[in-house]
């Protein structure tokens, strides 16, 4: 019933649908700018910037996990889990755990010293799930982001 595998080119339209579904869930429906072409260009081949796994239920993609390598000045090689997305109707059926397990297996095989991600403070279901798997939640750090417009403004102001 549940299968997890690496993404292939034909999966990216569905992957983008799930990314947009997550944006709606996180109350940011207009925030998604990435295109199918960008996903394909950056997620396939030997020079891929990220690894994406798809979770299938009865051969239909109902979830994804997307991660990528990072380097920590303290730890060395790490993996960042960017998103773990499961359709609303499939939550609680084991698909999210299967995708999560796949990312952790991949990280283990990459011999990293840490896997990290962020989770919204109001997403208590996700927080509870992660804590049950042995995750340490670090609550005294702020997430800093600079969007493209802010970046352009900063560079032009120098």
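Readers should treat all values here as calculations from the given coordinates under stated rules, not as data from a laboratory. As the structure is a computational prediction, the values presented were derived from the model and not from experiment. Cβ: placed from backbone, ideal geometry, glycine included. Neighbour counts: every protein chain shown.
Remarks
- Percent breakdown of C-alpha pair distances by 10 Å bin, ordered from the shortest bin, for the range 27-105: 16, 41, 35, 7, 0
- Length added when fully stretched, residue 31-residue 147, from 0.36 nm per residue minus Cα-Cα: 40.7 nm
- Segment residue 5-residue 137, extension gain: residue separation times 0.36 nm, minus the distance between their alpha carbons: 44.7 nm
- Calculated FRET efficiency for the pair residue 104/residue 125, C-beta based, R₀ 22 Å, to 0.05: 0.70
- Equivalent ellipsoid dimensions for the chain as semi-axes, Å, which come from the Cα gyration tensor, largest first: 24, 20, 18
- By the count of neighbouring beta-carbon atoms within 10 Å, fewest first, 58, 80 end up ordered 58, 80.
- Put in line by how crowded their Cβ is, counting other Cβ atoms within 10 Å and starting with the fewest, 61, 127, 85 read 127, 61, 85.
- Burial ordering of 106, 100, fewest other beta-carbon atoms within 10 Å first: 106, 100
- Average projected area [Cα convex hull, the range 1-69], square nanometres: 4.9
- Counting only DSSP beta bridges with both residues in the range 19-158, the antiparallel share comes to about 85 percent.
- Beta bridges assigned by DSSP with both partners in the range 64-123 are antiparallel in approximately 75 percent of cases.
- Label sites at residue 49 and residue 93, each approximated as a point 7 angstrom past Cα along Cα to Cβ, lie 3.3 nm apart.
- Computed across the range 69-158, the Kirkwood hydrodynamic radius from all distinct Cα-Cα pairs reaches 15.5 Å.
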